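Asker: Dumping the structure here so I can ask a few things about it.
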Amino acid sequence: MKAFFSLCVLVLGLAGPGLAQESSDLHHPWDQILEGYLSPSPDGINRFDYDALRNASQDRSSLDDYIETLETVPVSTLAAEDQFAFWANLYNAVTVKLIVDEAPERSIRQIRPRPWSIGPWGVDRVEVEGRALSLDNIEHDIMREQFEAPLVHYAVNCASIGCPNLKATAWRGATLDTDLETAARAYINHPRGVSVTEEGLVVSRIYDWFDEDFGGDDAGVRAHLLEYATDDLANAIRARPRIAGYAYDWSLNQTGSALNMR
């Protein structure tokens, strides 16, 4: 895999000697929340104990404080890889806060700020460098625009079983290339990413919703999958290359939830 940010640093104009660096402990509070409430499961899906955090007032305050601290960061002065880590952590922390605060029973899509909303993503949630931002702004207007769009999808988590895993530790610029590749491989080689059937491939709806990020057609999606697939999966994809369908599980990635792709 090519260095993820070799081009981004040039595009963003952030390669000068006076470049500000992300504080080494900026994301430590997020690490602590994840350590306390996120549990990797044998089936390969990380699940979050939203109920436990909802009932832990001190940790809820720590989460609120962490998000408020991120709002004060001059993110545009950070190195490109630290900017990516900042935005991914902010997106994920705000999403966890939403689930804890709103307590939907089944899915994040039950959070509808307006009657016509399909979910909570379009409403302003934070303010960074004087700009009010929604989750949609962070993901689509900032991350997918400024960075390598395909890999953004493996960094942000929408509190759903069908989504790539919520990372068990905070994203950090120093290990970003390796961690993004690990996340992409984990998702693609799990049934949530791609399953091979007699009719062909059933892949995550992420590759349909954001097909422009994966080449804009089935061939582009297949090329992306093959880049991260294990040898066995790659051989199976080549044997049955037709994309026969898409699936996604919107159930909350909460402790005790089961995979139900459809």
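Asker: Between a first residue in region 188-199 that is within 15 Å of Arg240 (Cβ to Cβ) and a second residue that is in a loop (DSSP other than H, G, I, E, B) and modelled with pLDDT of 95 or more, which pairs have beta carbons less than 6 Å apart while being 6 or more apart in sequence or on different chains?
Answerer: From residues that are within 15 Å of Arg240 (Cβ to Cβ), the pairs are Val196/Arg240.
Asker: Still on this model: Does Ala219 count as out of contact with any helix residue (DSSP H, G or I) (no Cβ under 8 Å at 6 or more places or on another chain), without any contact (Cβ under 8 Å) to a residue 24 or more places away in the chain and either within 22 Å of Val94 (Cα to Cα) or in a helix (DSSP H, G or I) (or both)? Show your work before the answer.
Answerer: Working: out of contact with any helix residue (DSSP H, G or I) (no Cβ under 8 Å at 6 or more places or on another chain): yes; without any contact (Cβ under 8 Å) to a residue 24 or more places away in the chain: yes; either within 22 Å of Val94 (Cα to Cα) or in a helix (DSSP H, G or I) (or both): yes.
So Ala219 passes the test.
Asker: Turning to a different aspect of this structure: Quick check on my filter: what residues within region 47-95 are of a type in the set (Asp, Glu), over 27 Å from Glu145 (Cβ atoms) and assigned to a helix (DSSP H, G or I)? Working first, answer last.
Answerer: Of the residues in region 47-95, the ones of a type in the set (Asp, Glu) are 49, 51, 59, 64-65, 68, 71, 81-82.
In the following step, the residues that additionally are over 27 Å from Glu145 (Cβ atoms) were identified as 49, 51, 59, 64-65.
Within region 47-95, Asp51, Asp59, Asp64, Asp65 meet the criteria.
Asker: A follow-up question, please. Take region 221-262 and flag every residue that is of a type in the set (D, E, K, R) and buried (at least 16 other Cβ atoms within 10 Å of the Cβ).
Answerer: Let us first name the residues in region 221-262 that are of a type in the set (D, E, K, R), namely 222, 227, 231-232, 238, 240, 242, 249, 262.
Within region 221-262, Arg222, Asp249 qualify.
Asker: Within region 38-51, is there a residue that is closer than 14 Å to Ala170 by Cβ and out of contact with any Pro (no Cβ under 7 Å at 6 or more places or on another chain)?
Answerer: yes
Asker: Look at region 174-198 and say how many of its residues are closer than 20 Å to Ala149 by Cα, charged (D, E, K, R) and not in a helix (DSSP H, G or I).
Answerer: From region 174-198, those closer than 20 Å to Ala149 by Cα are 174-189, 192-194; that's our starting set.
Of the ones still in play, those that are also charged (D, E, K, R) are 177, 179, 181, 185, 192.
This time we only want the ones that are not in a helix (DSSP H, G or I), so: 192.
Residues meeting the conditions: 1.
Asker: Can you tell me which residue is farthest from Glu35 (Cα to Cα) among those in region 114-173 that are in contact with a strand residue (DSSP E or B) (Cβ under 9 Å, 6 or more places away or on another chain) and assigned to a helix (DSSP H, G or I)?
Answerer: If we take residues in region 114-173 being in contact with a strand residue (DSSP E or B) (Cβ under 9 Å, 6 or more places away or on another chain) and assigned to a helix (DSSP H, G or I), then Asp141 is farthest from Glu35 (Cα to Cα).
Asker: Check Ser117, Ser160, Ser134 and return the single one that is more than 30 Å from Leu226 (Cβ to Cβ) and surrounded by 14 or more Cβ atoms within 10 Å (Cβ to Cβ). Steps first, please.
Answerer: Values: Ser117 fails: surrounded by 14 or more Cβ atoms within 10 Å (Cβ to Cβ); Ser160 fails: more than 30 Å from Leu226 (Cβ to Cβ).
The unique qualifying residue is Ser134.
Asker: Residues that are under 24 Å from Glu198 (Cβ atoms), within 19 Å of the chain's Cα centre (by Cα) and part of a helix (DSSP H, G or I): does region 227-236 have at least one?
Answerer: Yes, that holds for at least one residue.
Asker: Of all residues in region 199-219, how many are farther than 16 Å from Arg144 by Cβ and touching a strand residue (DSSP E or B) at 6+ places or on another chain (Cβ under 9 Å)?
Answerer: Let us first name the residues in region 199-219 that are farther than 16 Å from Arg144 by Cβ, namely 199-205, 217-219.
Subset that is touching a strand residue (DSSP E or B) at 6+ places or on another chain (Cβ under 9 Å): 199-205, 218.
Residues in region 199-219 being farther than 16 Å from Arg144 by Cβ and touching a strand residue (DSSP E or B) at 6+ places or on another chain (Cβ under 9 Å): 8 in total.
Asker: Next question. Can you tell me which residue among Trp116, Trp121, Trp87 is of a type in the set (Phe, Trp, Tyr) and over 16 Å from the mean Cα position of the chain (by Cα)?
Answerer: Just a single option satisfies the conditions, and that option is Trp116.
Asker: Please pick out the residue among Glu198, Glu181 that is out of contact with any helix residue (DSSP H, G or I) (no Cβ under 6 Å at 6 or more places or on another chain) and over 16 Å from Phe84 (Cα atoms).
Answerer: On the way: Glu181 fails: over 16 Å from Phe84 (Cα atoms).
Within the list Glu198, Glu181, the selection yields Glu198.
Asker: Next up: Among (1) modelled with pLDDT under 95; (2) surrounded by 19 or more Cβ atoms within 10 Å (Cβ to Cβ); (3) under 17 Å from Ala155 (Cβ atoms), which single condition is Leu90 missing?
Answerer: For Leu90, the exception is condition (1).
Asker: Please go through (1) part of a loop (DSSP other than H, G, I, E, B); (2) surrounded by 14 or more Cβ atoms within 10 Å (Cβ to Cβ) for Arg109 and return the number of the only condition it doesn't satisfy.
Answerer: For Arg109, the exception is condition (1).
Asker: Assess whether Ser39 counts as being touching a residue at least 24 places away in the same chain (Cβ under 8 Å) and assigned to a helix (DSSP H, G or I). Show your work before the answer.
Answerer: On the way: touching a residue at least 24 places away in the same chain (Cβ under 8 Å): yes; assigned to a helix (DSSP H, G or I): no.
Taking the combined requirement at face value, the residue does not satisfy it.
Asker: So for region 170-186 (the condition being at positive phi and surrounded by 20 or more Cβ atoms within 10 Å (Cβ to Cβ)), does at least one residue qualify?
Answerer: Here is the first cut: in region 170-186, the ones at positive phi are none.
Looking for residues that are at positive phi and surrounded by 20 or more Cβ atoms within 10 Å (Cβ to Cβ), one finds none in region 170-186, hence no.
The values are calculated or read from the model by the stated rules, or taken from the named source; none is laboratory data. Being a predicted model, the structure only gives us computed values, none of them experimental. Please note: Cβ atoms are built from the backbone with ideal geometry, for glycine as well, and neighbour counts cover all protein chains shown.
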